[in-house]
């Protein structure tokens, strides 16, 4: 029996090394609005991870909502100009269900938007998080496709 324990332990270790690593998960949104979980991994050289995540969260949700609003306006115009267009109506409904409630976006942002010397590290980390959040929101919106109309 003991001769099999070591190979199985090694196999389990090998298989766990092959599994994709997931960084810290952040829930965006709030109940009653669109909610999404994203992976936010602050870079190792960030001195204030909480500020980075806070900046990421705020920028991601704002950029997401702006892109969603743009798509909603496009499909609302298409549906208005061509009322029988079922695809435009379905796409408008799809995108309108994807808006975040921005009240949950960021509770600390105003603290990080000022740069007294005591929070220079937090300001820098927050700014880098905002930049990354913007980029990733636009990337994720590009991957989001409305269902085909029936």
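The values are calculated or read from the model by the stated rules, or taken from the named source; none is laboratory data. Predicted, not measured: the structure shown is a model, and the values here were computed from it. Cβ coordinates were reconstructed from backbone atoms using ideal geometry, including for glycine residues, and neighbour counts include every protein chain displayed.
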>> Looking for something at pLDDT 85 or above and over 18 Å from the mean Cα position of the chain (by Cα) - is there at least one such residue anywhere in region 14-21?
In response: no
> Applying the selection to region 22-61, what residues are crowded, with 18+ Cβ neighbours inside 10 Å, in contact with a strand residue (DSSP E or B) (Cβ under 8 Å, 6 or more places away or on another chain) and closer than 14 Å to residue 101 by Cβ?
Replying inline: 28, 29, 57, 60, 61
